[in-house]
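Chemist: Structure in structure tokens, see below.
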Amino acid sequence: MFESLKHWLDSLDNQSSLFDNSDDESLHLALASVLYHVIQVDHRESQREASEFRKLLRGEFSLSDEQINYLHTAVESATSNFEEDLRTINEHLNDNPMVKMSFMQKLIKLISIDGVLDDELDDFYRILHVTFPEIETR
């Protein structure tokens, strides 16, 4: 396990030049991690989900294929904290409710690709609660 963690950290050091600064990289890692978490709730990543993941990062966040590959590899091999990633996203997007709303709309699309599972819906509500704490759910 230590070797895989070391390998992942080394890959972060090698690839960090893909982003303008560490804050930018942190935000994109958190976004990719949350998206990937939603995909992996059912413990499998379908081709359609992988395609939508890439499409989202490319279109909404204007990332290159190299950046997307880096993020996908990083989130596949990392064990990040879902709640921490949500806080990172909220911290960076706090002053821009339209971007947060767009993010939530993209999550809805991602969740609905292979049918909505209860676990996916639970995660969506967790994300909604952190992103928009003023909205009451259930």
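Since every read-out is calculated from the coordinates, none of them should be taken as a lab result. This is a predicted model, so every value here is computed, not measured. Every residue, glycine as well, gets a Cβ built from its backbone with ideal geometry; the counts of neighbours run over all protein chains shown.
Chemist: Got the relative contact order for the chain handy, in percent, Cα pairs under 8 Å and 6 or more residues apart?
Modeler: Over the chain, the number comes to 31 percent.
Chemist: Would you mind ranking 109, 55, 100 by Cβ crowding within 10 Å, fewest neighbours first?
Modeler: On the way: 109 11, 55 14, 100 19.
Fewest-to-most Cβ neighbours within 10 Å comes out as 109, 55, 100.
Chemist: Given +1 on the Cβ of Lys and Arg, -1 on the Cβ of Asp and Glu, and no further charges, what dipole in debye does the chain carry about its Cα centre, rounded to the nearest 20?
Modeler: 380 debye
Chemist: Taking the Cα atoms of the chain, what is the range of coordinates along each of the three principal axes, in descending order and whole Å?
Modeler: 43, 33, 28 Å, listed from the longest principal axis down.
Chemist: If you don't mind, there's one more thing I want to ask. Divide, for segment 32-73, the radius of gyration over alpha carbons by 2.2 N^0.38 Å, where N is the residue count.
Modeler: After normalising by residue count via 2.2 N^0.38 Å, the value is 1.07.
Chemist: Continuing with this model, one more query. Expressed as cubic angstrom per residue, what is the convex hull volume of the alpha carbon set of segment 50-126?
Modeler: Details: hull volume 8.0 nm³, N = 77.
Enclosed volume per residue, from the Cα hull, is 104 Å³.
Chemist: Rounded to the nearest 10 degrees, what's the angle between the helix 97-111 long axis and the longest principal axis of the chain, both from Cα atoms, 0 to 90?
Modeler: 90 degrees
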